[in-house]
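Before any comments, here is the structure.
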Amino acid sequence: MSAIFNKTRVLEAHLSSLSNLELRKLALFETDESNRNAVHYACAHANLESLELLAAADAYFYTADKFHRTAMHYAAINDVSKIIETVFLAFRTLGKPLSVYGQ
């Protein structure tokens, strides 16, 4: 929720409070009923600070929601070049190719 409402400090506090690496990974992989995670919401709401914080925390950028949209789709929908660049660099840093549903 903090990624939606531009509450980067709340997100940062939440991540830092999870000292156990396994708990942090679980929190970063958590999704809603539409299979969207914090990265999806940060992109959908053009929240660059939260997106950069999630990337630094090794959040998972490859999750597709129930409509087969990744974070890159939401970044492109908003057409904010800095968000698109950040998501692209996260994909590139993780070393996995971008994939399109059905291809």
Only residues in the stretch 21-43 that are within 18 Å of HIS73 (Cβ to Cβ) and loosely packed, with under 13 Cβ neighbours inside 10 Å count as the first member; pair them with residues that are modelled with pLDDT of 70 or more and not aliphatic (A, V, I, L, M), Cβ under 6 angstrom, at least 6 apart or cross-chain, and list the lot. SER34/ASP65; SER34/LYS66
Hey, could you check the stretch 26-47 for residues that are in a helix (DSSP H, G or I) and over 12 Å from ALA71 (Cβ atoms) and say which is modelled with the highest pLDDT? PHE29
For the stretch 69-87, which positions are surrounded by fewer than 15 Cβ atoms within 10 Å (Cβ to Cβ) and either within 19 Å of LEU28 (Cα to Cα) or among the hydrophobic types (A, V, I, L, M, F, W, C) (or both)? ILE77
From the options SER2, SER16, SER50, residue that is surrounded by 15 or more Cβ atoms within 10 Å (Cβ to Cβ), in a helix (DSSP H, G or I) and at pLDDT below 85: SER50
Return the total of residues in the stretch 53-68 being crowded, with 16+ Cβ neighbours inside 10 Å and not in a loop (DSSP other than H, G, I, E, B). 3
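The values are calculated or read from the model by the stated rules, or taken from the named source; none is laboratory data. Every value quoted in this text rests on a predicted model; they were computed, and no experiment measured them. Note: ideal-geometry Cβ built from the backbone for every residue, glycine included; neighbour counts use all protein chains shown.
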